[in-house]
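The values are calculated or read from the model by the stated rules, or taken from the named source; none is laboratory data. Small disclaimer: the values here were computed from a predicted structure and weren't measured. Here the Cβ positions follow ideal geometry from the backbone for every residue, glycine too, while neighbour counts run over all protein chains shown.
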Amino acid sequence: MPSTTTSPDPNLDSVLRENRVFPPPAEFAAKARIKSLTEYEERYRKSVADPENFWAEAARELHWFEPWEKVLDWNLPWAKWFVGGKINLSYNCVDRHALGDKRDKVAILWEGEPGEVRKLTFGDLHAEVQRFANVLKGLGIKKGDRIAVYMGMTPELAIAILACARIGAVHSVIFGGFAAHAIVDRVNDAECVAILTQDTSYRRGCEVKLKATVDEALLQCPTVKDVVVYKRSGLPVNMKAGRDQWWHELMAKAEPECPAEALDSEDPLYILYTSGTTGKPKGLVHTTGGYSVQTYLTSKYIFDLQADDVYWCSADIGWVTGHSYVVYGILQNGVTTLMYEGAPNFPEMDRFWRVIDAHKVTIFYTAPTAIRAFIKWGDHFPEKHKLDSLRLLGTVGEPINPEAWMWYRDKIGKGRCPIVDTWWQTETGAIMIAPVPGAVPTKPGSATRPFFGIVPEVVTKEGTPVPAGHGGLLVIRQPWPSMARTIFKDPDRYRSSYWSEIPGSYFTGDGARIDEDGCFWLMGRVDDVLNVSGHRLGTMEVESALVAHPKVAEAAVVGRPDDLKGQAIAAFVTLESEYQPSKELKDELRAWVAKEIGALARPDDIRFTEQLPKTRSGKIMRRLLRELATNGEIKGDTTTLEDFNVIAKLREQDE
Ligand code: WTA
């Protein structure tokens, strides 16, 4: 059982005191797809009374090569959706619009960090995706093969995954901020046969050397036969003969037409690795049909997509948010999706607001951690811009503190735009809890009500529902179409991580409470998973990286609340006896973790200790470490501690 103690979080107090309610602005509701709370509630009631019928109706809005025979085959925890149906997500994102009335409509609107702009219509995208699908085929890539994608935010990244989806190759996108070691783990676990990358990417005016990192990783990846390199900057890179080829050269030789394959609804679409409570990231497997349907439908209703919207989600495609809500959900709806390559503070802290005004963005979806950074940088940055094209705002990735929510509403949305706080996970594939914006009143800090067809509940460790207003564990009671089907090559771990804690239910790993209005308030993780700037990280992953350093004997990592990042990483380290603590060694260890995993995992604090506090059975007492990292002192019960001295010593370091 995971420990249910979350770190004492100052944000929690303000959430518990929060009672403001904002009904949908009348002007917004008048034009929205769903216009009133009654309409939402009526639809919700019907959707959960007969979920199969509800999802089947939604699925009929997409193109199927062959209809399904059965909507759901559910043998807990194994789900199959739209059994026997044949579908292709690349077709639904691209062909349907290119062959219909949207051929000349902009599908991808891209802005590079240095300032270039590219616009790809659905017609252009159709041509590019088909050609690149032929490139993949030309390399001998077939349905079911796993392809790693380690690229920056360029249209080619979207083209790459759409081309994989077109031929049934399973993409495994690896966030461009991960280090070589993290690539090795992911590529080897999935036994990828090829990796798609680019020379460099731009971030905050610097070049991110993606190809060089791939070169380093590939020294340890025996399954990779081919590397395709997209030329983004033209900076020199090594090209290994017989293995590495240029994207543009292969494209120039490829045939232009590649019909989308009629894939089985349950054919795997992608693998995406995410952190769990052990050191090894989990390769979650998403399949085609159900994922298509739920990303399509949630995009349509939660972002209230309309034909003339310019939608911008600032997430990187390396995370699930980018998969579902930069590419798949939005393009299925035939709406323009904006991709921005670089950092929010380059060349100035107002880059995002500049992008919004320049491209008349109507819907903007970002993370609370970004909002907190904007607040810190100062109101004069957004104030320099009109922001009058915006009509809807969204957040995702971590609980949002009411203060940040209010700032977002006032300074960016000018009180005119509803905010959709969307709760979901890599595992859920699509949004699960969020206000339908024309219908559901919003509350600062609450993700509000479940999406149609979704039955979340807050329960005790024993699985009993808790009364309104009380905290508990968030579970999902019924299967949903975009749920991950398994963990790649590890079905037992899938069952034990998600379906064993609370029998009969999906265990999210999050704490929550429901208020009197049926609104959900998310309280953060209840397990050893951290959420650092909206990025999921396992404490064990960081610990494994630390102990891999030759001077480290043992390490324990915990999260502590941080105003900007949500959680910061605090590491407690015992050194091998021949080494002495020093400031230099702290810096060395921080740099080491960044090199092993990526900069996102670099510990904020490192404290050296002679021993870690452990229970008599040898378990590290994380609760104590969390308290110590947060408050610098220990209040809780320490009677099971093996060595009280340890705590005293850790404390001394603060003084
Ligand atoms: C957290 C990101 C509160 C939560 C889509 C979840 C949130 C984890 C919210 C999943 C939200 C995500 N409010 N917490 N609106 N959205 N989370 O897999 O702890 O990267 O379990 O998916 O982020 O992170 P993941």
Looking at ARG416, ARG354, ARG409, can you tell me which residue is more than 12 Å from the ligand (Cβ to nearest atom), within 23 Å of ILE302 (Cα to Cα), in the same structural domain as VAL320 (by the TED database) and out of contact with any Cys (no Cβ under 8 Å at 6 or more places or on another chain)? ARG416
Is it the case that the stretch 377-393 has a residue that's within 12 Å of the ligand (Cβ to nearest atom) and out of contact with any Gly (no Cβ under 9 Å at 6 or more places or on another chain)? no
For GLU41, are the conditions met, namely being without any contact (Cβ under 8 Å) to a residue 12 or more places away in the chain, surrounded by 13 or more Cβ atoms within 10 Å (Cβ to Cβ) and among the acidic types (Asp, Glu)? yes
May I ask you to say which residue of GLY559, GLY524, GLY518 is surrounded by 22 or more Cβ atoms within 10 Å (Cβ to Cβ), among the small types (Gly, Ala, Ser) and either closer than 18 Å to MET432 by Cα or away from the ligand (no atom under 16 Å from the Cβ) (or both)? GLY524
Residues that are under 28 Å from the mean Cα position of the chain (by Cα), modelled with pLDDT of 95 or more and either in a strand (DSSP E or B) or at positive phi (or both): does the stretch 56-67 have at least one? yes
Take PRO402 and decide whether it is within 16 Å of the ligand (Cβ to nearest atom) and surrounded by fewer than 22 Cβ atoms within 10 Å (Cβ to Cβ). yes
Looking only at the stretch 527-541, count how many residues are on the phi < 0 side of the Ramachandran plot and within 8 Å of the ligand (Cβ to nearest atom). 4
When you go through PHE122, PHE22 one by one, which is the residue that is at pLDDT 95 or above and buried (at least 20 other Cβ atoms within 10 Å of the Cβ)? PHE122
List every residue pair whose Cβ atoms lie under 7 Å apart, where the two residues are 6 or more positions apart in sequence or sit on different chains, the first residue falls within the stretch 89-115 and is within 18 Å of THR154 (Cβ to Cβ), and the second residue, located anywhere, is crowded, with 24+ Cβ neighbours inside 10 Å and aromatic (Phe, Trp, Tyr). CYS93/TYR328; VAL94/PHE122; ALA107/PHE122
State which residue pairs qualify: first residue over 16 Å from ALA315 (Cβ atoms) and inside the stretch 396-423, second residue near the ligand (Cβ under 7 Å from one of its atoms) in any location, beta carbons under 7 Å apart, and separation of 6 or more residues or different chains. PRO399/LEU522; PRO399/GLY524; ILE419/THR395
Just to verify a result, which residue in the stretch 468-491, among those that are within 19 Å of VAL526 (Cα to Cα) and not small (Gly, Ala, Ser), is surrounded by the most Cβ atoms within 10 Å (Cβ to Cβ)? LEU474
Could you tell me whether PHE175 is more than 24 Å from the chain's Cα centre (by Cα) and at pLDDT 95 or above? no
Return yes when THR486 is within 12 Å of the ligand (Cβ to nearest atom), touching a strand residue (DSSP E or B) at 6+ places or on another chain (Cβ under 6 Å) and in contact (Cβ under 8 Å) with a residue 40 or more places away in the chain and no when it is not. no
Here the residues within the stretch 161-172 that are closer than 18 Å to GLN332 by Cβ and hydrophobic (A, V, I, L, M, F, W, C) are ILE161, LEU162, ALA163, CYS164, ALA165
Lone qualifier among ALA241, ALA252, ALA212 - being within 17 Å of VAL135 (Cβ to Cβ) and either basic (Lys, Arg) or in the same structural domain as GLY112 (by the TED database) (or both): ALA252
Would you mind stating whether VAL396 is under 12 Å from THR366 (Cβ atoms) and buried (at least 22 other Cβ atoms within 10 Å of the Cβ)? yes
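Return yes or no: is LEU219 without any contact (Cβ under 8 Å) to a residue 12 or more places away in the chain and closer than 24 Å to GLY283 by Cβ?
Spelling it out, LEU219 is indeed without any contact (Cβ under 8 Å) to a residue 12 or more places away in the chain and closer than 24 Å to GLY283 by Cβ.
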Yes or no: PRO491 in the same structural domain as ALA367 (by the TED database) and at pLDDT below 95? no
Given (1) within 16 Å of the ligand (Cβ to nearest atom); (2) more than 23 Å from the chain's Cα centre (by Cα); (3) among the polar types (S, T, N, Q), identify the lone condition not met by THR460. (1)
Picking from PHE381, PHE364, which residue would you name as being over 23 Å from LEU37 (Cβ atoms), free of Cβ contacts under 8 Å to residues at least 60 places away in the same chain and surrounded by 24 or more Cβ atoms within 10 Å (Cβ to Cβ)? PHE364
THR426 versus (1) within 14 Å of the ligand (Cβ to nearest atom); (2) surrounded by 21 or more Cβ atoms within 10 Å (Cβ to Cβ): which is the lone unmet condition? (2)
Here's a check for you: in the stretch 193-237, which residue that is of a type in the set (Asp, Glu) and buried (at least 17 other Cβ atoms within 10 Å of the Cβ) is nearest to ALA148 (Cα to Cα)? ASP226
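So, in the stretch 78-108, exactly how many residues are over 30 Å from ALA127 (Cβ atoms) and surrounded by fewer than 19 Cβ atoms within 10 Å (Cβ to Cβ)?
Within the stretch 78-108, residues that are over 30 Å from ALA127 (Cβ atoms) and surrounded by fewer than 19 Cβ atoms within 10 Å (Cβ to Cβ) number 3.
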Condition (residue is within 27 Å of PRO450 (Cα to Cα) and of a type outside the set (A, V, I, L, M)) applied to the stretch 340-361: is it met by at least one residue? no
Read through the list (1) more than 13 Å from the ligand (Cβ to nearest atom); (2) more than 27 Å from LEU272 (Cβ to Cβ), then give the number of the only condition that ALA370 fails. (2)
